[in-house]
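One structure is given here, and the rest of the page talks about it.
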Ligand SMILES: NC(=O)c1ccc[n+]([C@@H]2O[C@H](COP(=O)([O-])OP(=O)(O)OC[C@H]3O[C@@H](n4cnc5c(N)ncnc54)[C@H](O)[C@@H]3O)[C@@H](O)[C@H]2O)c1
């Protein structure tokens, strides 16, 4: 059992029930520090069964059944971006303190402001730095000034088309700069990292390799996928040489926004399917013509002729990072996992669901197939289920309705 805790609590009915559900006959919670029990709230996280205590004295130490419980401090890079901000929120709500790094080339400063509020509400420590991951001096100082237990690394560029036109941009930012970050981790004796890898490392697998397993050969077909695979390989070498333990999460398609509406997807330009359908819906609902959704290709060898992809909700993805961190904290070895639903939706199905969810007759134009779009890409998530205890809990409707809620109401400044 992992318990993240701070503060002073007395054993009450809730704690006794939690103790039982965790297989303890009792749960004696003691504390050091100057907090009063009435200032403390405790909750069992529904998401991952962490027991989370919140108090206003962040220096207090808690012990449970005589064992000292330390909060973990996680460095999150790219925390002002889409997936980074949702994962940072998840960590703050689930008993972690965080330090964030972003250079704001793509991220949104409003995400950072929201995270600061979320940290306060959850009694978590939160520090953010506006710095590039390759600023060795700056990053080295961050490691020196903060006791970091592990890193979750999102900072990267991720547009396939751009990577083909400007490969150096990708090899520099994704591969070279990540290596510099890893080197700073080594100097600071931080040896745990969860890394955002991608389905793009598999390239265009043979039809008999679908659903894609972790054993499917990684043969990326563009500089973006290659830049990420290189890092996976570097991490293997770093494990052998320096004892770096990494969990590489290979995401397929990620969609949706925070269910409570506090964070959302803010890519510029937006290249992802679901937000693009919803931007067309928003323009239509506002009476702005000329912004239809473009469907590329309707004669693929799939049930309805449009491409099939595997989507998961960004909150399911955030939880996977929490589980990967726990595994590393518990002494877990280096590993890699596909994060997908195990089944897919066609572009047409996504479009039809978006029409139902939004109630908007979203204008559509059919265009020619794009070069290099494989007909079907679906992940097998068996390994993540078995070894991380992860599987997605949210549906396509959940992804579209939360994304719609965000896009309809978006008040963030565009940076
Ligand atoms: N969005 C997806 O569907 C998807 C799918 C597979 C993999 N991924 C991977 O997940 C990660 C996050 O993706 P996202 O969609 O949230 O992207 P994003 O662009 O929203 O976020 C990336 C963040 O990293 C920051 N950043 C980039 N380079 C930096 C640097 N050198 N130093 C400091 N900060 C830097 C950006 O400012 C931004 O805030 C990426 O590594 C991406 O490759 C995303």
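Give the residues of the range 75-87 that are surrounded by 24 or more Cβ atoms within 10 Å (Cβ to Cβ) and within 11 Å of the ligand (Cβ to nearest atom), sorted by residue number.
Hits for the range 75-87 are 76, 77, 78, 79, 80, 81, 82, 84, 85, 86, 87.
Can we say residue 216 is surrounded by 16 or more Cβ atoms within 10 Å (Cβ to Cβ), assigned to a loop (DSSP other than H, G, I, E, B) and in the same structural domain as residue 186 (by TED's automatic domain parsing)?
Yes, satisfied.
For (1) within 13 Å of residue 404 (Cβ to Cβ); (2) surrounded by fewer than 23 Cβ atoms within 10 Å (Cβ to Cβ); (3) not assigned by TED's automatic domain parsing to the domain that holds residue 187, each residue gets a yes or a no:
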residue	(1), (2), (3)
230	no, yes, no
236	no, yes, no
239	no, yes, no
249	no, no, no
263	no, no, yes
270	no, yes, yes
275	yes, no, yes
286	no, yes, yes
289	no, yes, yes
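Can you tell me how many residues within the range 336-352 are out of contact with any strand residue (DSSP E or B) (no Cβ under 8 Å at 6 or more places or on another chain) and within 30 Å of residue 325 (Cβ to Cβ)?
Of the residues in the range 336-352, the ones out of contact with any strand residue (DSSP E or B) (no Cβ under 8 Å at 6 or more places or on another chain) are 343, 349, 352.
Pick out the ones that are also within 30 Å of residue 325 (Cβ to Cβ) and you get 343.
Final tally of qualifying residues: 1.
Filter the range 328-349 down to the residues that are over 19 Å from the mean Cα position of the chain (by Cα) and either within 18 Å of residue 74 (Cβ to Cβ) or assigned to a strand (DSSP E or B) (or both) and list them by number.
Hits for the range 328-349 are 330, 331, 332, 345, 346.
Please go through the range 251-273 and pick out each residue that is near the ligand (Cβ under 8 Å from one of its atoms) and closer than 29 Å to residue 335 by Cβ.
Those that are near the ligand (Cβ under 8 Å from one of its atoms) and closer than 29 Å to residue 335 by Cβ: 251, 252, 253, 254, 255, 265, 267, 272.
The values are calculated or read from the model by the stated rules, or taken from the named source; none is laboratory data. Since this is a predicted model, take the numbers as computed values, not measurements. Note: ideal-geometry Cβ built from the backbone for every residue, glycine included; neighbour counts use all protein chains shown.
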